[in-house]
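Input: a single structure, listed below in structure tokens.
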Amino acid sequence: MQENQLRILTYNLHKGFSVGNRHFILHQIREALVDTGADILFLQEMQGEHTEHEQTHHNWPECSHSDFLAEDVWPHVAYGKNAVYKVGHHGNAILSKHAFHSWENINVSPYVWASRSLLHAVIRLPEHDDDLHIICIHLGLIGAERRRQFDTLCKRIDGFVPHDAPLIVAGDFNDWTGQAEKRFYKHLKLKEAFRTLHSRYAKTWPAWFPMLPMDRIYYRGIQPVHCERPNHALWKSLSDHAPLLATFKL
């Protein structure tokens, strides 16, 4: 982390598989993530366990995928399940160069068949008095489901995040109609980093020809100085989502 700056990245990594699930590419994804130089990663569709894939893919890590990605770069890891099935589970993860004061995984699923959660962590940044609250989220595909999840997220922030504390909410919002912005700004005074700097949302899906603004980085109490969708050709061959990378002034 540069002095008084924080570099964060949000990415739906598609459980470590290429588009169409043809190749297991977690090793290539790790290399791309390390190259970004991010201080904190907000990751969605992190595979926690899959007993069948573990047997059929020779390069499947022996440790958890979150620990594999974090090794030697991000010493602090939080993983929260949001989908559990017979052969395993997947969810959200936060990888950080700075220690967690605390973290909690909160279920925001109105339907059993579409499990979703938000991962809320509190980070103590060196030489800063205020705790940084960060929330990694992957919202549902159905509008009615997302509206209920927005309400749950708002109540979580109202109840657990001091109004003057720095806050980042990032992830895959599945919100191509822009409903999140109206709710977040009106109720929570949250702004979206790419939109603040470029007057529009970043299009992040599908990665090979981005058309929809699915991935966002919302903030409060800190100032974005840079936000981009990395355009390196490598990202187009990894997940079906493109990443979003932002730098904040603390």
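State whether one or more residues within the stretch 143-150 are in contact (Cβ under 8 Å) with a residue 40 or more places away in the chain, among the aliphatic types (A, V, I, L, M) and either surrounded by 14 or more Cβ atoms within 10 Å (Cβ to Cβ) or out of contact with any Phe, Trp or Tyr (no Cβ under 7 Å at 6 or more places or on another chain) (or both). No. Kindly establish whether Gly48 is touching a His at 6+ places or on another chain (Cβ under 9 Å) and under 11 Å from Leu69 (Cβ atoms). When the stated conditions are applied, Gly48 does not pass them. The set of residues from the stretch 51-65 being over 15 Å from His23 (Cα atoms) and in contact with a strand residue (DSSP E or B) (Cβ under 7 Å, 6 or more places away or on another chain) comprises Thr51, Ser64, His65. Listed by first and then second residue, the pairs with beta-carbon distance under 6 Å, at least 6 apart or on different chains, first residue in the stretch 67-91 and closer than 11 Å to Arg30 by Cβ and at pLDDT 95 or above, second in a helix (DSSP H, G or I) and hydrophobic (A, V, I, L, M, F, W, C), are Val73/Val34. What do you reckon, is Leu190 under 18 Å from the mean Cα position of the chain (by Cα), surrounded by fewer than 21 Cβ atoms within 10 Å (Cβ to Cβ), aliphatic (A, V, I, L, M) and over 19 Å from Asn21 (Cβ atoms)? When the stated conditions are applied, Leu190 does not pass them. Taking strands (runs of 3 or more DSSP E) as the structural unit, those lying wholly within the stretch 72-141 and holding at least 2 residues that are surrounded by fewer than 19 Cβ atoms within 10 Å (Cβ to Cβ) correspond to 76-85, 88-96, 100-107. Return yes or no: is His50 more than 22 Å from Ala170 (Cα to Cα) and free of Cβ contacts under 8 Å to residues at least 12 places away in the same chain? Judged against the criteria, His50 is not a match.
Within the stretch 1-25, the only residue that satisfies the criterion of being among the basic types (Lys, Arg), more than 25 Å from Leu125 (Cα to Cα) and either outside any loop (DSSP other than H, G, I, E, B) or modelled with pLDDT of 95 or more (or both) is Lys15. Candidates Ala165, Ala180, Ala170: the one that is modelled with pLDDT of 90 or more, buried (at least 19 other Cβ atoms within 10 Å of the Cβ) and either small (Gly, Ala, Ser) or part of a strand (DSSP E or B) (or both) is Ala170.
Tally time: how many residues in the stretch 26-58 are in a loop (DSSP other than H, G, I, E, B) and closer than 26 Å to Asn105 by Cβ?
3
Among the candidates Lys86, Lys15, Lys81, the residue that is under 25 Å from His133 (Cβ atoms) and of a type in the set (Lys, Arg) is uniquely Lys81. With respect to (1) in contact (Cβ under 8 Å) with a residue 60 or more places away in the chain; (2) among the aromatic types (Phe, Trp, Tyr); (3) in contact with a Cys (Cβ under 8 Å, 6 or more places away or on another chain), the lone exception for Trp208 is condition (3).
The values are calculated or read from the model by the stated rules, or taken from the named source; none is laboratory data. In this text, all values refer to a predicted model and were calculated from it rather than measured experimentally. Using ideal geometry, Cβ is built from the backbone for each residue, glycine included, and neighbour counts are taken over all protein chains shown.
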